[in-house]
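A quick write-up on the structure given underneath.
The values are calculated or read from the model by the stated rules, or taken from the named source; none is laboratory data. Since the model is a prediction, treat every value here as computed from it, not as a measurement. Reconstructed Cβ throughout: ideal geometry from the backbone, glycine too, with neighbour counts over all protein chains shown. Please note that ligands, DNA and RNA were not included when accessible areas were found on the heavy atoms of the full protein model with its side chains. Shrake-Rupley method; radii C 1.70, N 1.55, O 1.52, S 1.80 Å.
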Amino acid sequence: MKYNFDPNDFDMEKIIKIKDELHLETSTFLTITNACEDALAYSSMIGILGDTGNGKTNALKYFSRNRSNVYYVRGLKSMTAKSFFLHIMEVLGIRNRYTDANLYNLIRSIGYYLNSFESNVLLVLDEAGRLSDSILMHCHDLRNETNENVGIIFASPHYLKLSLEKLIKANVRGIPELYGRFELWIEVEAPLVDEQAQYCIHRGIKNRALIEALVFENQSFRSLVSKVRNFGKKAIRYKKRSQDVPEG
């Protein structure tokens, strides 16, 4: 999209605050936060599936930051089973005295810690599709070590569920047991066109034609956020240049 920056197309007070967090209660956002509420309240193990860039991480982080006893863990493809569970310990705030412990003791220790809470606790595993088959099998061990006050969210693109089903067909040990512990799979879509337009407005874009062009071009919510952020950067540079121009 070719566009020459025009400050009249923007609410400058809003657009220059592009770094500030903004959480719109889109249908996707509400679906994810409701799933987290249920997992926390009923100690459920729930899978949340949705394409990359449709707002899963934003909603999960928001919920994790704004509710007590909720811990957000992001999976990385490079993680080994041991580094993954050591990272969970780090997020939980358990002192790093278990570095030399074997995997069995790490999982037992995490389970013991989570079970010690007097109120319900939720573990959010984002980007779970990046985790190796070995880590997923050990997640079943972790689930077995936790009691009725611990909920777990697995969030990923759709391929997590497909991969688990493929591993079940291949009779991979431990995977059917893990899959059977999921109480619910929830599929979420990208925010609706009207919701994406509302995001643009809340970020300070006033020109309706520009909003329509951004939403029309957008292939994911992440892409839209990136494009709007670029306008914010231009607005900041414009305001700075305006302030540097001497009067008279």
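Selection within the stretch 215-231: residues that are more than 28 Å from E37 (Cα to Cα) and outside any helix (DSSP H, G or I). The member of this set that is most open to solvent (accessible area, probe 1.4 Å) is Q219. Apart from one condition, S116 fits all of (1) without any contact (Cβ under 8 Å) to a residue 40 or more places away in the chain; (2) within 21 Å of G47 (Cα to Cα); (3) not β-branched (V, I, T); the exception is (2).
N147 satisfies every condition listed in (1) closer than 20 Å to I32 by Cα; (2) touching a Ser or Thr at 6+ places or on another chain (Cβ under 9 Å) except (1). Cβ-Cβ distances below 8 Å connect the following pairs, each with a first residue in the stretch 119-134 that is farther than 15 Å from F85 by Cβ and open to solvent by less than 20 Å² (accessible area, probe 1.4 Å), a second residue that is at pLDDT below 95 and among the polar types (S, T, N, Q), and a separation of six or more residues or different chains: V121/N149; D126/T57.
Tallying residues that are of a type in the set (D, E), under 14 Å from R203 (Cα atoms) and in a loop (DSSP other than H, G, I, E, B) within the stretch 1-19 yields 1. Considering only residues in the stretch 26-53 that are within 16 Å of K161 (Cβ to Cβ) and modelled with pLDDT under 95, the one that is surrounded by the fewest Cβ atoms within 10 Å (Cβ to Cβ) turns out to be T52.
With respect to the conditions (1) of a type in the set (A, V, I, L, M); (2) in a helix (DSSP H, G or I); (3) open to solvent by 10 Å² or more (accessible area, probe 1.4 Å); (4) closer than 30 Å to A197 by Cβ, L22 lacks only one, and its number is (2). Screening V193 on (1) over 20 Å from the mean Cα position of the chain (by Cα); (2) under 30 Å from N230 (Cα atoms); (3) surrounded by 13 or more Cβ atoms within 10 Å (Cβ to Cβ) shows it passes everything except condition (3). Report whether or not Y199 is touching a Pro at 6+ places or on another chain (Cβ under 8 Å) and either at negative phi or free of Cβ contacts under 8 Å to residues at least 12 places away in the same chain (or both). Yes: the conditions hold for Y199. How about the stretch 196-214: which of its residues are in a helix (DSSP H, G or I) and open to solvent by 20 Å² or more (accessible area, probe 1.4 Å)? Within the stretch 196-214, Q198, I201, H202, R208, A209, E212, A213 meet the criteria. Restricting attention to the stretch 158-180, the residues being open to solvent by less than 80 Å² (accessible area, probe 1.4 Å) and either at negative phi or basic (K, R) (or both) number 15. Summed over the stretch 48-84, residues that are closer than 23 Å to I107 by Cα, among the small types (G, A, S) and out of contact with any Leu (no Cβ under 7 Å at 6 or more places or on another chain) total 4.
Pull up the stretch 110-129, narrow it to residues that are in contact with a strand residue (DSSP E or B) (Cβ under 6 Å, 6 or more places away or on another chain) and of a type in the set (D, E, K, R), then point me to the one that is farthest from L164 (Cα to Cα). It comes out as D126. Take the conditions over 22 Å from K56 (Cα atoms) and open to solvent by less than 50 Å² (accessible area, probe 1.4 Å) and apply them to M137. Does it pass? In short, no. For the residues D126, D141, the requirement of being touching a helix residue (DSSP H, G or I) at 6+ places or on another chain (Cβ under 6 Å), among the acidic types (D, E) and closer than 21 Å to E37 by Cα singles out D126.
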